[in-house]
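A.B. asks: Okay, here's the structure, questions in a sec.
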Amino acid sequence: MELLITVCFLVLFCTISYFYKRFSQMRSHSCYMLAYECFKATDDRKLDTESCVKIVLRNKNLGLDQYRFLLQTMVNSGLGEETYGPRNVLAGREETPTLMEAHEEMDEIMFGTLDNLFSKTDVSPSDIDILVVDVSLFSPSPSLTARIVNRYRMRDNIKSFSLSGMGCSASMVAIDLVQNLFKSYKNAFAVVVSSETIGPHWYCGKENSMMLSNCLFRSGGCSVLLTNKPCLKHKALMKLKHSVRTNIGSNDEAYGCCIQIEDQQGYNGFLLTRNLTKAAAKAFTMNLKVLVPKILPIRELIRFAVISICKTNNKTAKPSLNLKTGIQHFCIHPGGRAVIDGLGKSLGLNEYDMEPARMALHRFGNTSAGGLWYVLGYMEAKKRLKKDDKILMISLGAGFMCNNCVWEVMKDLGNGNVWEHCMDRYPIPRKNTINPFADKYSWINDERLNFVRMDLSNIILS
């Protein structure tokens, strides 16, 4: 009898120990967001209509057709009058960028956001265990992570990673990397810095498909503080629930739809082809096939399965998943009006859902990997984020990749953050708004100009 009791006790003890260990591992594998800090440049870097026109007119390679293309692109871009450009471009040095200017552009973003992040959280740079920097088009030696370690005198055993070439979806790659590293490093702090260098890569040629990047991309970035320390759970803004990465680079069309090349005149730039929409749709669909079963309730999955079965007998039925049964907020990458409209339509979103992405694009432009954090900041500044809400972050980038993740809000949020200075002016209604480019320069589309030879730059400036 005593032997039986002893055996039962040992079994019970082992069972409790096993589940306690699993529970401890699950807690240590958690990824909490403690804070994020978006970059806001100084007012002297704003790219309003007049600044943009001066930059365009400096390019002597352009003619009437290119002016018309740029006008149409800017009118339809969704960008406002207060986005920020790189200093070398504003100063007229876009054709002769220097390494020093590239470093200065990155230093202003990285150090500006990190200074604020460490100050607001009272976390010392020496406490950071993991550092990830994602900047796609600038990979100097020593690395940008080394530059940060040197600036803040970080520990010699810090685990640092520099990610390049991953485009607008790089920030989600960095978050996923940290989540996986947290499985090996317990009670750790991690910092992710997401940005892009615009100045050294300003396109000075005349190819329409390569001029698009000049019209959309603007200066910006964000630094994020993450941890897996269970004792800091009560301080966390959000908890990472799921992360799914999809890379369809094995397809030639997808690989080449968003690529850095040199044009026939020798100008470097970023080529955006018509296959971009097709690649984005394919990557996004493949990603959702993995992510959706993890985030939607069983009842919604059953409903979708039933409708799908009925579709085999009724071709008019169009099955669709209602993502709002598991997601309350949609953080869409502000890559451009077409990107936002396309994703919104495919997900069945309304204007309220797409408002944060539209307003982030209007105020800050496409800031590449940092763009999603401006969208998140808008949601928080508008006090939309409530405890237990789920946020789906959607990012698309060169490769071609689609990297999405889901965050759970840990408490009601309402910090004005980088939007505090202009929140009273947003949202800006889509209707009854006059685009300044269309208002001032629509005459360029006059067909009579096709038969007149003149220096348009002098007319435009006047």
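A.B. asks: Among the listed residues L57, L62, L79, identify the single one that is open to solvent by less than 20 Å² (accessible area, probe 1.4 Å), hydrophobic (A, V, I, L, M, F, W, C) and part of a loop (DSSP other than H, G, I, E, B). Please lay out each step first, then the result.
C.D. replies: On the way: L57 fails: part of a loop (DSSP other than H, G, I, E, B); L62 fails: open to solvent by less than 20 Å² (accessible area, probe 1.4 Å).
That would be L79, the only listed residue that is open to solvent by less than 20 Å² (accessible area, probe 1.4 Å), hydrophobic (A, V, I, L, M, F, W, C) and part of a loop (DSSP other than H, G, I, E, B).
A.B. asks: Just wondering, is there one or more residues in the range 96-116 that are assigned to a loop (DSSP other than H, G, I, E, B), free of Cβ contacts under 8 Å to residues at least 24 places away in the same chain and of a type outside the set (S, T, Y)?
C.D. replies: Checked against the condition, which is being assigned to a loop (DSSP other than H, G, I, E, B), free of Cβ contacts under 8 Å to residues at least 24 places away in the same chain and of a type outside the set (S, T, Y), the range 96-116 yields no hits at all.
A.B. asks: Could I ask something else about it? Of the conditions (1) touching a residue at least 60 places away in the same chain (Cβ under 8 Å); (2) open to solvent by 50 Å² or more (accessible area, probe 1.4 Å), L272 satisfies every one except a single condition; which number is it?
C.D. replies: Of everything listed in (1) touching a residue at least 60 places away in the same chain (Cβ under 8 Å); (2) open to solvent by 50 Å² or more (accessible area, probe 1.4 Å), L272 misses just condition (2).
A.B. asks: Six or more apart or on different chains, Cβ atoms under 7 Å: show the pairs whose first residue is in the range 56-82 and in contact (Cβ under 8 Å) with a residue 60 or more places away in the chain and whose second is open to solvent by less than 30 Å² (accessible area, probe 1.4 Å) and among the aromatic types (F, W, Y).
C.D. replies: L71/F437; L71/Y441; M74/F437; V75/F437
A.B. asks: Right, next: Yes or no: Y374 among the hydroxyl-bearing types (S, T, Y), touching a Pro at 6+ places or on another chain (Cβ under 9 Å), free of Cβ contacts under 8 Å to residues at least 60 places away in the same chain and crowded, with 24+ Cβ neighbours inside 10 Å? Give the derivation first.
C.D. replies: Values: among the hydroxyl-bearing types (S, T, Y): yes; touching a Pro at 6+ places or on another chain (Cβ under 9 Å): yes; free of Cβ contacts under 8 Å to residues at least 60 places away in the same chain: no; crowded, with 24+ Cβ neighbours inside 10 Å: yes.
Here the answer is no, as Y374 does not meet what is asked.
A.B. asks: Of the conditions (1) free of Cβ contacts under 8 Å to residues at least 24 places away in the same chain; (2) out of contact with any Lys or Arg (no Cβ under 9 Å at 6 or more places or on another chain); (3) not acidic (D, E), L343 clears all except one; give me its number.
C.D. replies: Here L343 meets the rest and fails (1).
A.B. asks: Has the range 313-333 got at least one residue that is within 28 Å of Q260 (Cα to Cα) and among the aliphatic types (A, V, I, L, M)? So that I can check it myself, show each step before the final result.
C.D. replies: We begin by selecting, within the range 313-333, every residue within 28 Å of Q260 (Cα to Cα); these are 331-333.
When the remaining residues are screened for being among the aliphatic types (A, V, I, L, M), the result is 332.
Yes: the range 313-333 contains one or more residues that are within 28 Å of Q260 (Cα to Cα) and among the aliphatic types (A, V, I, L, M).
A.B. asks: Taking the range 371-385 as the region of interest, how many residues are part of a helix (DSSP H, G or I) and in contact with a strand residue (DSSP E or B) (Cβ under 7 Å, 6 or more places away or on another chain)?
C.D. replies: Going residue by residue through the range 371-385, those that are part of a helix (DSSP H, G or I) are 371-381.
Those still in the list that are in contact with a strand residue (DSSP E or B) (Cβ under 7 Å, 6 or more places away or on another chain) too: 372-377, 379.
Adding up the residues that qualify gives 7.
A.B. asks: Name every residue in the range 214-244 that is open to solvent by less than 10 Å² (accessible area, probe 1.4 Å) and of a type in the set (G, A, S), in order of residue number.
C.D. replies: S219, G220, G221, S223, A236
A.B. asks: Of all residues in the range 341-368, how many are farther than 19 Å from F284 by Cα and among the basic types (K, R)?
C.D. replies: So the count comes out to 2.
A.B. asks: Inside the range 189-213, can you point out the residues that are within 15 Å of D176 (Cα to Cα) and small (G, A, S)?
C.D. replies: Residues of the range 189-213 within 15 Å of D176 (Cα to Cα): 189-194.
Selection gives A190, S194.
A.B. asks: So the check is Cβ under 6 Å with 6+ separation or different chains; which pairs have a first residue in the range 142-156 that's farther than 18 Å from E108 by Cβ and a second one that's assigned to a helix (DSSP H, G or I) and open to solvent by less than 100 Å² (accessible area, probe 1.4 Å)?
C.D. replies: Filtered contacts from the range 142-156: M154/P125; R155/S126.
A.B. asks: Another one. Would you be able to say whether some residue in the range 186-203 is under 19 Å from D107 (Cβ atoms), open to solvent by 20 Å² or more (accessible area, probe 1.4 Å), assigned to a helix (DSSP H, G or I) and not aliphatic (A, V, I, L, M)? Walk me through it before giving the result.
C.D. replies: Here is the first cut: in the range 186-203, the ones under 19 Å from D107 (Cβ atoms) are 191-202.
Pick out the ones that are also open to solvent by 20 Å² or more (accessible area, probe 1.4 Å) and you get 200-202.
Filter once more, so that each one left must be assigned to a helix (DSSP H, G or I): 200-201.
Okay, now just the ones that are also not aliphatic (A, V, I, L, M), so 200-201.
Yes: the range 186-203 contains one or more residues that are under 19 Å from D107 (Cβ atoms), open to solvent by 20 Å² or more (accessible area, probe 1.4 Å), assigned to a helix (DSSP H, G or I) and not aliphatic (A, V, I, L, M).
The values are calculated or read from the model by the stated rules, or taken from the named source; none is laboratory data. Just so it is clear, the structure is predicted and the values come from calculations on it, not from any experiment. Using ideal geometry, Cβ is built from the backbone for each residue, glycine included, and neighbour counts are taken over all protein chains shown. All accessible areas refer to the heavy atoms of the entire protein, side chains included, with ligands and DNA or RNA removed. Shrake-Rupley method; radii C 1.70, N 1.55, O 1.52, S 1.80 Å.
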